[in-house]
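Participant: This structure is in structure tokens; I'll ask about it shortly.
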Amino acid sequence: MRPLALYLRSRAVPATATAVLVCAVALWAIGLVVDHPQSRVLVALLAALAGTAALGQGLAGADHDLDRASAIAWPPRRAAHVIVAGAAVVGLLAATALVGEQMAGTGQIARNVAGLAGLVALGAAVVGADRAPLLPVIWTVLVLRYAPPMGEPPTRPTYKVMLTWMVQPIDTRAATVAAAILAVAGTLSYAVLGSRR
Amino acid sequence: MVRAVSAAETAATTYASAIHAEGLRVRAGRRMAVDGLDLSMDTGVHGLLGPNGAGKTTLVRSIATVLRPAGGTLTVLGEKVNGRIDLRGLRRQIGYLPQEFGFYRRFTVREFIEYISWLKEMPAAETPGAVQRAIERVGLADRADHRMKTLSGGMVRRAGIAQAIVNDPRILLLDEPTAGLDPDQRMQFRALLRQLGTDTCVLVSTHLVEDVAAACTDVVLIDNGRLVFQGVPADLAAAAGEDAGAGDSAAERGYSAILRRHRETASSPETAS
Amino acid sequence: MGARILRIELRRSVALGAAALIAAVGVFVLFASNPPYGFWMELVIFQRDILQLTWPLALAAGAWQGIRERRSRIEELLATTPRPRWQRVLPIATAMAIAAVAAYLVMLAGAAAHLRHLDGYFSLGAIPLIALGALAMVGAIWLGLAIGRLLPSPLTAPMLAVIGFFSLAVSPMIVAQDSRDPGTFLLFPYLQGPRDGGFALQMLSARANLSQALWFAAVAATGLALFATSRPSTRVAAVLPLLLGAAVAVPAMPSTLSVAWIQDRRATEVVCTDDEPEVCITRLHSHALDQVRGPARQALAVLAAKLPPAPTRVVVQTADKGPEDPQPRDTLAVRISFFEDGVEYTSEDLLFLMLIGAGVPPCANLMGTREKPETEYLAARLVVAAWLLDRDLAAAQGRDEGPEGPEGPLAREALTAVRGLAADEQRARVTAFRDAERTCAEGDRLDMLTGAAR
């Protein structure tokens, strides 16, 4: 257990967990105020974004070279880090259902967290862990014009549906595929490359 | 090398010594890292020695006005540091290389040193010349326009020394300046120290006893926050005497001998001569 | 010396990179979410509207820069330097402010490529809107600097982007719960355009602009002060501008948004050609003067030849002025709603459009209702245009009103009927039609043309 605890601490997991927890509580609190069903979906999306953006910091250790040089097999561990962290965020956000009506379906939360976490991991591999949230934040911001209640998500052509995956209804196949591609691509590239320094 | 001398500098020579501490107590976190230190230093190069945790860095930080003394008196350039609110005048005359030297990675060496000289409120007209001179003195002229993040560890250290001397300080505090320097650079650095020591009070905290023996005019040894020994390097070497202390050179043997003797009598307060 | 440091900070801080990123995001949204803008004012208002996206990004950029001292572990060294903190942070705050303003203006310049008429009317009312947008960005970036400095964690910047965006998206719903469009909407950095959608013809009242300027300046001042102070005690004082700004600006705000938006009178004034016969057009559409000049004079010539006494000047008006008053006889008045939908008209099209109804705008009182549409009335107006031009209706191109509309078949039938009359009778009937149109007299226009001949 102890190596795991140390690893978690080295990756700022306590701070991240606090941030995600705050998001979940805020989500729950806002859920008490906002009852417009569409804005509730928006709230859930933004909570997922905040929760995954918080993961970015944990994707790199304090010292890049020290991490590189250590004898651990990094790729599986990195992949596990992303998967476990993503699952934890999903769990926390979904858990708000226990204390009140859920903001969005668990499926929707899971899809969005998976895609966004994949983007964060991709960001860590491409622009470095501390700048990793740029990718999901900017993508989401660009797409939010199509999010209810500010607009309607496009239903065709397919590329537009895929580009706006995070605001699509849960039964949209193309959106699920897009999120899955991002999740896999992000996790794989981060597992293989690690965080850019 | 001619250093710029301002009117304020030449006027303020009424004090006895550049740095003077009496019963100085400084806290580092919860621990009293400097605990009843008496010390007096003037122009020259002072090597600050001591084992890990002796309070060297805490002492340097308190002289650099980062930490406020918790007790006793600390007088720097004739100004009492305790409880003073306005340290601006004093800080203009201090150069400081922290143990953990932070810098803006995207700045070039020249830009960073220019930035620090601006923070030290140097006259704008003198700045470009002073920056160039400081860079040349540490031998970084060929890397002056490279980004800080591209420098190697030793070069970063030299950039740190350059920013500390850019304002021609009267008090120069260097906390482990030689870490990461190659042998050749260390020789150059010692020469630089000797040159600076002619008109500046330089305090060099280090673990490298041979640096002290080679470049310092004065050795200060502290342990557990107290002064153990102060004297010229020759005294340090002589202190070993017949005692076959651990070490490869006379100075190192003297260092370990003094420390051992001090610790044997640690129960009773001792001030070295 | 400060200038040298400012130059270093501009080159080495995140300022310019963040500005480029924000401008790129903004230009993308300005391009992607709308068809080309018809008028400058539409673009300017929409750029203020998307501050909902760019404002939180600027906030995050500020926070990213605000944690630099901590991230670089340089605080120890800085603590020993004599220059006071507020002086030390001035260059970086200035650099970031320059970046914020630059991002806003570059965004506007980039999106100007998405304007249909770059040389179109630029309302003076747009200038405060642009300036206040830039000021809001400066406020965001300074506030970000302060928050980054107070919460120096790598999480701060991304969290601020999300939280900032979120509060801007959700808070209007909370503010607007009791009344529809309270004036306190003006406290938000983004701006909602006038509800009736007539963006191009409106501007914010001076009062709305001033109170908003005061509030934005207060936010920016507090951000800067929080960033620049070094002691917790002075930090409390830093919040003072915010409180003062709120105390003055909130009561000064217009009570509702609909009061805040006022008509831009200059936009609806007409500008005319220097030479005779005079052709005039509203200033809003003045970029089209060259385009309408030819067809307008042609229309006058057609009327002079076929239906004297003809008008001697042409006025192209904006669409919202439907006349009920008698129309002056010497003026051919044209409504130009057809300029706004982005369709390019040929001179032939314009000529036809100008002669619909013999050059008299349709009377508002003759427009039908949902139950009984004005099909017959519009058909009669089309018949007159085709008669004047000796043209078939199939060949004539009118867009929203014309042969393709529901009135088309009816008009074609009526045109044949009119042409079956004696030439003198034809002219007499069309002249009577025009006189009736000028006074907006009640009566069946189609019957007036075809009457017994039908």
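Throughout, read-outs are computed from the coordinates displayed, never taken from laboratory work. These numbers come from a predicted model, not from an experiment. Cβ: placed from backbone, ideal geometry, glycine included. Neighbour counts: every protein chain shown.
Participant: At q = 0.10 Å⁻¹, what log₁₀ I(q)/I(0) does a Debye calculation on the Cα points of chain C give, no solvent, two decimals?
Facilitator: One equal scatterer on each Cα of chain C leads to -0.80.
Participant: Another question, then. Could you run the Debye sum over the Cα atoms of region C:2-266, one equal point scatterer each and no solvent, and tell me log10 of I(q)/I(0) at q = 0.09, 0.11, 0.13, 0.17 Å⁻¹, two decimals?
Facilitator: -0.42, -0.62, -0.85, -1.34
Participant: Determine the percent antiparallel among the DSSP beta bridges restricted to chain C, to the nearest 5. Intermediate results must be reported in sequence, preceding the final value.
Facilitator: Working: 7 of 16 bridges.
That works out to approximately 45 percent antiparallel.
Participant: Next question, about the same structure. Average partner chain C-beta neighbours within 10 Å, per residue of B:161-167?
Facilitator: Values: counts 0, 0, 1, 2, 0, 0, 2.
That works out to 1 on average.
Participant: In addition: Taking chain A as the reference, fit the longest principal axis to its C-alpha atoms, fit the long axis of helix A:173-193 to the helix C-alpha atoms, and give the angle between the two in degrees, 0 to 90, nearest 10.
Facilitator: In chain A, helix A:173-193 runs at an angle near 10 degrees to the longest axis.
Participant: What does the helix-only formula give at 222 nm for the protein assembly as shown: each DSSP H stretch with n ≥ 4 adding -39500 (n - 2.57), the total divided by the residues, and the result rounded to the nearest 500 deg cm²/dmol?
Facilitator: When only DSSP H runs of four or more count, the value is -17000 deg cm²/dmol.
Participant: Can you sort B:219, A:120 by how many other beta carbons sit within 10 Å, fewest first?
Facilitator: Working: B:219 27, A:120 33.
Exposure proxy ranking, most exposed first: B:219, A:120.
Participant: Shifting gears a bit: Computed over the Cα atoms of region B:94-168, what is the ratio Rg over Rh, Rh following Kirkwood?
Facilitator: Working: Rg = 10.9 Å, Rh = 11.9 Å.
Taking Rh as the inverse mean 1/r over Cα pairs, Rg/Rh reads 0.92.
Participant: What average number of partner chain Cβ atoms lie no more than 10 Å from the Cβ of the residues making up B:118-131?
Facilitator: Mean partner-chain Cβ count within 10 Å for B:118-131: 3.
Participant: Related question: Assign unit charges at the C-beta atoms only (+1 for Lys and Arg, -1 for Asp and Glu), then state the dipole size of chain C relative to its Cα centre in Debye, rounded to the nearest 20.
Facilitator: Working: 42 positive and 43 negative charges, 605 e Å.
Computed about the Cα centre, the dipole is about 2900 debye.
Participant: Can I ask one more? Mind checking the alpha-carbon convex hull of the protein assembly as shown and giving the volume per residue in Å³?
Facilitator: Numbers: hull volume 203.9 nm³, N = 924.
That works out to 221 Å³ per residue.
Participant: Related question: Hey, if you put +1 on the Cβ of every Lys and Arg and -1 on every Asp and Glu Cβ in the protein assembly as shown, which of B:153, C:27, B:258 ends up farthest toward the positive end of that dipole?
Facilitator: B:258
Participant: Right, here's the next one. For region C:2-266, what is the charge dipole size about the Cα centre, in debye to the nearest 20, if Lys and Arg each add +1 at the Cβ and Asp and Glu each add -1 at the Cβ? Numbers along the way, then the final one.
Facilitator: Details: 21 positive and 11 negative charges, 198 e Å.
I would put it at about 940 debye.
Participant: Let me ask another. In nm, to one decimal, how far is the modelled label at residue B:147 from the one at residue A:29, with both set 7 Å along Cα→Cβ?
Facilitator: Result: 4.0 nm between the two label points.
Participant: Rounded to the nearest 0.05, what FRET efficiency do residue C:151 and residue C:32 have when you use their Cβ-Cβ distance and R0 = 25 Å?
Facilitator: On the way: r = 33 Å, r/R0 = 1.33.
For R0 = 25 Å, the calculated efficiency reads 0.15.
Participant: I would also like to ask the following. Toward the positive end of the charge dipole of region C:2-266, about the Cα centre and with charges on Cβ (Lys, Arg +1; Asp, Glu -1), which of C:43, C:125, C:90 goes farthest?
Facilitator: The residue sitting farthest along the positive end of the dipole is C:90.
Participant: Dipole of region A:88-197, Cα-centred, from +1 at each Lys and Arg C-beta and -1 at each Asp and Glu C-beta, to the nearest 20 debye?
Facilitator: Working: 8 positive and 4 negative charges, 74 e Å.
For region A:88-197, the charge dipole is close to 360 debye.
Participant: Where Rh denotes the Kirkwood radius from the mean inverse Cα pair distance, what is Rg over Rh for region A:2-193?
Facilitator: Numbers: Rg = 16.6 Å, Rh = 16.9 Å.
Rg/Rh for region A:2-193 comes to 0.99.
Participant: Taking Cα atoms, how many degrees apart are the long axis of helix A:74-95 and the longest axis of chain A, rounded to 10 and kept between 0 and 90?
Facilitator: 30 degrees
Participant: Computed FRET efficiency, Cβ-Cβ of residue C:432 and residue C:237, R0 60 Å: what is it to the nearest 0.05? Mind showing how you got there, number by number?
Facilitator: Working: r = 80 Å, r/R0 = 1.33.
The computed FRET efficiency comes out at 0.15.
Participant: Enumerate the calculated ³J(HN,Hα) couplings along region B:64-73 in order (Karplus 6.51 cos²θ - 1.76 cosθ + 1.60, θ = phi - 60°), each rounded to whole Hz, writing x wherever the residue is Gly or Pro.
Facilitator: With coefficients 6.51, -1.76 and 1.60, one gets 6, 6, 7, 9, 8, x, 8, x, x, 10 Hz.
Participant: May I ask for the angle, rounded to the nearest 10°, between helix C:15-32 and the longest principal axis of chain C, with both axes built from Cα atoms and the value confined to 0 to 90°?
Facilitator: 20 degrees
Participant: Just counting partner chain Cβ atoms within 10 Å, what average do the residues of peptide B:91-98 show around their Cβ?
Facilitator: Details: counts 5, 3, 1, 3, 1, 5, 1, 7.
Mean inter-chain Cβ contacts per residue within 10 Å come to 3.
Participant: Continuing with this model, one more query. Taking θ as phi - 60°, what are the ³J(HN,Hα) couplings along region C:80-95 by the Karplus curve (6.51, -1.76, 1.60), each to the nearest whole Hz, with x for Gly and Pro?
Facilitator: Once θ is set to phi - 60°, the couplings for region C:80-95 become 9, 8, x, 5, x, 4, 5, 6, 5, 8, 4, x, 5, 5, 5, 4 Hz.
Participant: Answer with one residue from C:189, C:317, C:279: the one whose Cα lies farthest towards the positive end of the charge dipole of chain C, charges on Cβ with Lys, Arg +1 and Asp, Glu -1.
Facilitator: Value computed over the given set: C:189.
Participant: Could you list the trypsin sites (Lys or Arg not before Pro) in region B:65-165 that lie in coil according to DSSP, counting only those with at most 16 other Cβ atoms within 10 Å of their Cβ?
Facilitator: Details: sites: B:80, B:84, B:88, B:91, B:92, B:105, B:106, B:110, B:120, B:133, B:137, B:143, B:147, B:149, B:157, B:158; in loops: B:84, B:92, B:105, B:106, B:120.
Here the sparse-neighbourhood loop sites are B:84, B:105.
Participant: Next question. How fast does region C:1-141 diffuse by Stokes-Einstein, in µm²/s, taking the Kirkwood radius from C-alpha pairs at 20 °C and 1.002 mPa s?
Facilitator: In µm²/s, the coefficient is 132.
Participant: Test of understanding: what is the full-extension gain from residue C:423 to residue C:112, defined as 0.36 nm times their sequence separation minus their Cα-Cα distance? Don't skip to the end; give the middle numbers.
Facilitator: Numbers: separation 311, 0.36 × 311 = 111.96 nm, distance 5.31 nm.
This chain segment gains 106.6 nm when fully extended.
Participant: Could you tell me the number of lysine pairs in the protein assembly as shown with C-alpha atoms less than 24 Å from each other, where the two lysines are 8 or more residues apart or belong to different chains?
Facilitator: 4
Participant: Now for a different question. Rank by packing, highest mean first: peptides A:161-167, C:350-356, C:251-257, with packing defined as the count of other Cβ atoms within 10 Å averaged across residues.
Facilitator: Details: A:161-167: 21.6, C:350-356: 25.0, C:251-257: 17.0.
Going from most to least packed, we get C:350-356, A:161-167, C:251-257.
Participant: Okay, next question. Could you tell me the calculated FRET efficiency between residue B:31 and residue C:7, based on Cβ-Cβ distance and R0 = 51 angstrom, to the nearest 0.05?
Facilitator: Here the calculated transfer efficiency is 0.70.
Participant: Do any trypsin sites (Lys or Arg not before Pro) in region B:15-67 lie in a DSSP loop with no more than 13 other beta carbon atoms within 10 Å, and if so, which?
Facilitator: Those satisfying the criteria are B:30.
Participant: Right, here's the next one. Binning every alpha carbon pair distance of region B:64-135 at 5 Å from zero, what are the percents per bin?
Facilitator: Using 5 Å bins, I get a P(r) of 3, 13, 22, 20, 17, 12, 9, 4, 1 for region B:64-135.
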